[in-house]
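Everything below concerns the one structure shown next.
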Amino acid sequence: MSSEAPTAADYFGSMAESYDSLVRRAIPRYDEMITRLVEYLPSRAERILELGCGTGNLTLGLCRRYPGAELVFVDASPEMVAFTRRRLSGQDGGFAERAVPWVARFEELDHRAGRFDLVVSSISMHHVREKQGLYRAVFALLEPGGTFRWSDQLAGATDEIHQRTWEGWLAFCRQPGNCTEQEIASLLEHARAHDHYEPLEEHFRMLGAAGFAPVDCTWRNSMWAVVTAERPPEPR
(Lines give C-alpha, C1' and ligand atoms only; values in the text may rest on other atoms or scores of the structure.)
Protein backbone atom coordinates (compact mmCIF):
# COMPACT_ATOMS: atom_id res chain seq x y z
CA MET A 1 0.00 0.00 0.00
CA SER A 2 1.28 3.47 -0.91
CA SER A 3 2.44 5.64 1.98
CA GLU A 4 1.81 8.86 0.05
CA ALA A 5 -0.74 11.25 1.56
CA PRO A 6 -4.05 11.53 -0.32
CA THR A 7 -4.24 14.39 -2.78
CA ALA A 8 -7.18 16.69 -3.49
CA ALA A 9 -7.78 14.63 -6.65
CA ASP A 10 -7.96 11.46 -4.53
CA TYR A 11 -10.45 13.10 -2.17
CA PHE A 12 -12.83 14.25 -4.87
CA GLY A 13 -12.33 11.21 -7.06
CA SER A 14 -13.60 9.02 -4.22
CA MET A 15 -16.88 10.98 -4.08
CA ALA A 16 -17.63 11.49 -7.78
CA GLU A 17 -21.05 9.86 -7.45
CA SER A 18 -22.05 11.79 -4.31
CA TYR A 19 -20.35 15.14 -4.98
CA ASP A 20 -23.37 16.97 -6.41
CA SER A 21 -25.41 16.20 -3.32
CA LEU A 22 -22.66 17.33 -0.94
CA VAL A 23 -21.76 20.51 -2.82
CA ARG A 24 -25.35 21.79 -2.67
CA ARG A 25 -25.57 21.00 1.04
CA ALA A 26 -22.16 22.57 1.80
CA ILE A 27 -22.10 25.70 -0.41
CA PRO A 28 -24.79 28.33 0.14
CA ARG A 29 -26.49 29.40 -3.12
CA TYR A 30 -24.32 27.07 -5.18
CA ASP A 31 -26.70 26.91 -8.16
CA GLU A 32 -27.09 30.69 -8.14
CA MET A 33 -23.30 31.07 -8.22
CA ILE A 34 -22.98 28.79 -11.28
CA THR A 35 -25.88 30.62 -12.96
CA ARG A 36 -24.23 34.01 -12.37
CA LEU A 37 -20.90 32.71 -13.65
CA VAL A 38 -22.52 31.54 -16.89
CA GLU A 39 -24.55 34.77 -17.22
CA TYR A 40 -21.35 36.85 -17.15
CA LEU A 41 -19.59 34.80 -19.82
CA PRO A 42 -19.03 36.50 -23.18
CA SER A 43 -21.77 36.15 -25.77
CA ARG A 44 -19.50 34.14 -28.10
CA ALA A 45 -16.66 31.67 -27.62
CA GLU A 46 -15.17 29.25 -30.12
CA ARG A 47 -12.53 27.46 -28.04
CA ILE A 48 -12.90 27.03 -24.28
CA LEU A 49 -10.66 25.67 -21.52
CA GLU A 50 -12.33 24.56 -18.28
CA LEU A 51 -10.10 24.20 -15.24
CA GLY A 52 -11.46 21.65 -12.77
CA CYS A 53 -14.51 20.14 -14.46
CA GLY A 54 -15.58 18.19 -11.38
CA THR A 55 -18.87 16.43 -12.12
CA GLY A 56 -19.61 18.68 -15.08
CA ASN A 57 -22.12 21.18 -13.67
CA LEU A 58 -20.39 24.15 -15.31
CA THR A 59 -19.48 21.99 -18.32
CA LEU A 60 -23.15 21.41 -19.09
CA GLY A 61 -23.78 25.14 -18.77
CA LEU A 62 -21.03 25.74 -21.34
CA CYS A 63 -22.60 23.15 -23.62
CA ARG A 64 -25.94 24.96 -23.53
CA ARG A 65 -24.44 28.43 -23.97
CA TYR A 66 -21.91 27.56 -26.68
CA PRO A 67 -23.26 24.50 -28.55
CA GLY A 68 -20.90 25.05 -31.48
CA ALA A 69 -17.71 25.55 -29.46
CA GLU A 70 -14.72 23.30 -28.85
CA LEU A 71 -13.94 22.49 -25.22
CA VAL A 72 -10.91 21.14 -23.35
CA PHE A 73 -11.94 20.15 -19.83
CA VAL A 74 -9.23 19.50 -17.24
CA ASP A 75 -9.30 17.83 -13.84
CA ALA A 76 -6.65 16.07 -11.77
CA SER A 77 -9.16 13.35 -10.87
CA PRO A 78 -9.63 10.64 -13.54
CA GLU A 79 -12.94 9.76 -11.90
CA MET A 80 -14.27 13.30 -12.28
CA VAL A 81 -13.14 13.52 -15.91
CA ALA A 82 -14.88 10.21 -16.67
CA PHE A 83 -18.04 11.37 -14.87
CA THR A 84 -18.15 14.59 -16.90
CA ARG A 85 -17.61 12.68 -20.16
CA ARG A 86 -20.61 10.48 -19.36
CA ARG A 87 -22.78 13.51 -18.66
CA LEU A 88 -21.69 15.21 -21.89
CA SER A 89 -22.48 12.10 -23.91
CA GLY A 90 -26.14 12.53 -23.00
CA GLN A 91 -26.35 15.99 -24.58
CA ASP A 92 -27.76 16.69 -28.02
CA GLY A 93 -25.60 17.92 -30.86
CA GLY A 94 -21.88 17.53 -31.51
CA PHE A 95 -20.54 19.33 -28.45
CA ALA A 96 -19.51 16.07 -26.75
CA GLU A 97 -17.56 14.97 -29.84
CA ARG A 98 -15.62 18.24 -29.79
CA ALA A 99 -14.96 18.08 -26.03
CA VAL A 100 -11.45 16.89 -25.17
CA PRO A 101 -10.79 15.45 -21.68
CA TRP A 102 -7.43 16.04 -20.01
CA VAL A 103 -6.40 14.49 -16.70
CA ALA A 104 -3.84 16.94 -15.30
CA ARG A 105 -3.07 19.35 -12.49
CA PHE A 106 -3.44 23.03 -13.30
CA GLU A 107 0.27 23.51 -12.69
CA GLU A 108 0.93 21.22 -15.68
CA LEU A 109 -0.84 23.44 -18.20
CA ASP A 110 1.34 24.45 -21.13
CA HIS A 111 1.24 25.26 -24.83
CA ARG A 112 0.15 21.69 -25.70
CA ALA A 113 -3.38 22.74 -24.80
CA GLY A 114 -3.37 25.30 -27.63
CA ARG A 115 -4.89 28.78 -27.42
CA PHE A 116 -8.36 29.73 -26.19
CA ASP A 117 -10.70 32.70 -26.27
CA LEU A 118 -12.33 31.70 -22.96
CA VAL A 119 -10.94 30.05 -19.81
CA VAL A 120 -13.37 29.18 -17.00
CA SER A 121 -13.24 27.51 -13.60
CA SER A 122 -15.63 26.80 -10.74
CA ILE A 123 -14.52 26.25 -7.10
CA SER A 124 -11.24 24.65 -8.11
CA MET A 125 -8.43 27.19 -8.02
CA HIS A 126 -8.20 27.27 -4.23
CA HIS A 127 -6.41 23.94 -4.57
CA VAL A 128 -3.51 25.75 -6.26
CA ARG A 129 -0.95 27.17 -3.85
CA GLU A 130 0.98 29.29 -6.35
CA LYS A 131 -1.76 31.22 -8.13
CA GLN A 132 0.50 33.91 -9.59
CA GLY A 133 2.11 31.30 -11.82
CA LEU A 134 -1.31 29.89 -12.73
CA TYR A 135 -2.63 33.30 -13.73
CA ARG A 136 0.40 33.93 -15.91
CA ALA A 137 -0.11 30.52 -17.56
CA VAL A 138 -3.80 31.26 -18.20
CA PHE A 139 -2.89 34.66 -19.68
CA ALA A 140 -0.45 32.96 -22.06
CA LEU A 141 -3.09 30.42 -23.13
CA LEU A 142 -5.65 33.11 -23.96
CA GLU A 143 -5.88 34.78 -27.31
CA PRO A 144 -5.56 38.59 -27.17
CA GLY A 145 -9.00 39.89 -26.30
CA GLY A 146 -9.82 36.61 -24.53
CA THR A 147 -11.46 36.36 -21.15
CA PHE A 148 -10.98 34.46 -17.87
CA ARG A 149 -14.02 33.78 -15.66
CA TRP A 150 -14.08 31.88 -12.39
CA SER A 151 -15.98 31.28 -9.18
CA ASP A 152 -14.22 30.25 -5.99
CA GLN A 153 -13.87 30.51 -2.24
CA LEU A 154 -11.98 33.51 -0.84
CA ALA A 155 -10.19 34.46 2.32
CA GLY A 156 -11.44 37.45 4.26
CA ALA A 157 -9.53 40.71 3.95
CA THR A 158 -8.82 40.57 7.70
CA ASP A 159 -8.57 37.71 10.18
CA GLU A 160 -11.77 38.90 11.84
CA ILE A 161 -13.74 38.92 8.60
CA HIS A 162 -12.35 35.52 7.65
CA GLN A 163 -13.29 34.03 11.01
CA ARG A 164 -16.84 35.40 10.82
CA THR A 165 -17.42 34.13 7.28
CA TRP A 166 -15.97 30.74 8.21
CA GLU A 167 -18.27 30.50 11.23
CA GLY A 168 -21.21 31.50 9.04
CA TRP A 169 -20.35 28.76 6.57
CA LEU A 170 -20.17 26.15 9.36
CA ALA A 171 -23.55 27.33 10.66
CA PHE A 172 -25.00 26.82 7.17
CA CYS A 173 -23.50 23.32 6.97
CA ARG A 174 -25.10 22.44 10.33
CA GLN A 175 -28.58 23.52 9.33
CA PRO A 176 -31.10 20.61 9.32
CA GLY A 177 -30.87 18.63 6.11
CA ASN A 178 -27.43 19.93 5.16
CA CYS A 179 -24.19 18.25 6.30
CA THR A 180 -23.59 15.64 8.97
CA GLU A 181 -20.88 16.20 11.55
CA GLN A 182 -18.86 13.46 9.84
CA GLU A 183 -19.10 15.29 6.51
CA ILE A 184 -18.13 18.58 8.14
CA ALA A 185 -15.13 16.96 9.80
CA SER A 186 -14.06 15.54 6.43
CA LEU A 187 -14.45 18.92 4.72
CA LEU A 188 -12.40 20.66 7.41
CA GLU A 189 -9.66 18.03 7.25
CA HIS A 190 -9.53 18.39 3.47
CA ALA A 191 -9.38 22.19 3.74
CA ARG A 192 -6.47 22.06 6.19
CA ALA A 193 -4.54 19.68 3.93
CA HIS A 194 -5.26 21.05 0.46
CA ASP A 195 -6.90 24.48 0.36
CA HIS A 196 -5.17 27.81 -0.19
CA TYR A 197 -7.36 30.91 0.08
CA GLU A 198 -6.54 34.53 -0.75
CA PRO A 199 -8.57 37.74 -0.29
CA LEU A 200 -10.28 39.20 -3.34
CA GLU A 201 -7.86 42.14 -3.37
CA GLU A 202 -4.92 39.73 -3.62
CA HIS A 203 -6.54 37.92 -6.54
CA PHE A 204 -6.97 41.27 -8.27
CA ARG A 205 -3.32 42.13 -7.64
CA MET A 206 -2.08 38.81 -9.04
CA LEU A 207 -4.38 38.98 -12.06
CA GLY A 208 -3.14 42.50 -12.79
CA ALA A 209 0.48 41.41 -12.42
CA ALA A 210 -0.19 38.63 -14.95
CA GLY A 211 -1.41 41.24 -17.45
CA PHE A 212 -5.19 41.05 -17.06
CA ALA A 213 -7.17 44.30 -17.28
CA PRO A 214 -9.82 45.10 -16.33
CA VAL A 215 -10.78 42.72 -13.51
CA ASP A 216 -14.04 42.72 -11.58
CA CYS A 217 -16.15 40.81 -9.06
CA THR A 218 -19.62 40.32 -10.58
CA TRP A 219 -21.27 38.34 -7.75
CA ARG A 220 -20.46 37.62 -4.13
CA ASN A 221 -22.03 35.79 -1.21
CA SER A 222 -19.84 35.88 1.89
CA MET A 223 -16.68 33.88 1.05
CA TRP A 224 -17.89 32.85 -2.44
CA ALA A 225 -17.40 35.04 -5.50
CA VAL A 226 -17.48 35.23 -9.30
CA VAL A 227 -14.52 37.08 -10.85
CA THR A 228 -13.94 38.29 -14.41
CA ALA A 229 -10.58 39.17 -15.98
CA GLU A 230 -9.76 40.25 -19.53
CA ARG A 231 -6.66 39.79 -21.62
CA PRO A 232 -6.40 43.11 -23.46
CA PRO A 233 -6.54 42.98 -27.26
CA GLU A 234 -3.38 43.68 -29.19
CA PRO A 235 -2.85 47.37 -30.06
CA ARG A 236 -3.79 48.30 -33.59
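Selection of first residues in segment 43-61 that are at positive phi and touching a residue at least 60 places away in the same chain (Cβ under 8 Å) and of second residues that are of a type outside the set (S, T, N, Q) and open to solvent by 10 Å² or more (accessible area, probe 1.4 Å), restricted to Cβ pairs under 6 Å at least 6 apart or on distinct chains, gives the following pairs, ordered by first then second residue: G52/D75. Of the residues making up segment 204-228, those that are within 21 Å of Y30 (Cα to Cα), open to solvent by less than 60 Å² (accessible area, probe 1.4 Å) and not in a loop (DSSP other than H, G, I, E, B) are C217, T218, W219, N221, W224, A225, V226, V227, T228. If you go through segment 95-110 and pick out every residue that is within 15 Å of R136 (Cβ to Cβ) and without any contact (Cβ under 8 Å) to a residue 12 or more places away in the chain, you end up with 1.
Considered as a group, the residues in segment 84-111 that are farther than 21 Å from R64 by Cα and touching a Gly at 6+ places or on another chain (Cβ under 8 Å) include one that is surrounded by the fewest Cβ atoms within 10 Å (Cβ to Cβ), and that residue is E107. Scanning segment 48-56 turns up no residue that is closer than 27 Å to G145 by Cα and open to solvent by 30 Å² or more (accessible area, probe 1.4 Å).
For the residues A155, A99, A104, A140, the requirement of being more than 16 Å from L58 (Cβ to Cβ), of a type outside the set (K, R) and in contact with a strand residue (DSSP E or B) (Cβ under 8 Å, 6 or more places away or on another chain) singles out A104. Within the group G168, G114, which residue is loosely packed, with under 14 Cβ neighbours inside 10 Å and either touching a Cys at 6+ places or on another chain (Cβ under 6 Å) or more than 28 Å from P28 (Cβ to Cβ) (or both)? Of G168, G114, the one residue that is loosely packed, with under 14 Cβ neighbours inside 10 Å and either touching a Cys at 6+ places or on another chain (Cβ under 6 Å) or more than 28 Å from P28 (Cβ to Cβ) (or both) is G114.
The values are calculated or read from the model by the stated rules, or taken from the named source; none is laboratory data. Given the structure is predicted, the values throughout are model-derived calculations rather than measurements. Glycine gets a Cβ as well: all are built from the backbone with ideal geometry, and neighbour counts include every protein chain shown. Remember, those area values only see protein heavy atoms, side chains included, never the ligands or the DNA or RNA. Shrake-Rupley method; radii C 1.70, N 1.55, O 1.52, S 1.80 Å.
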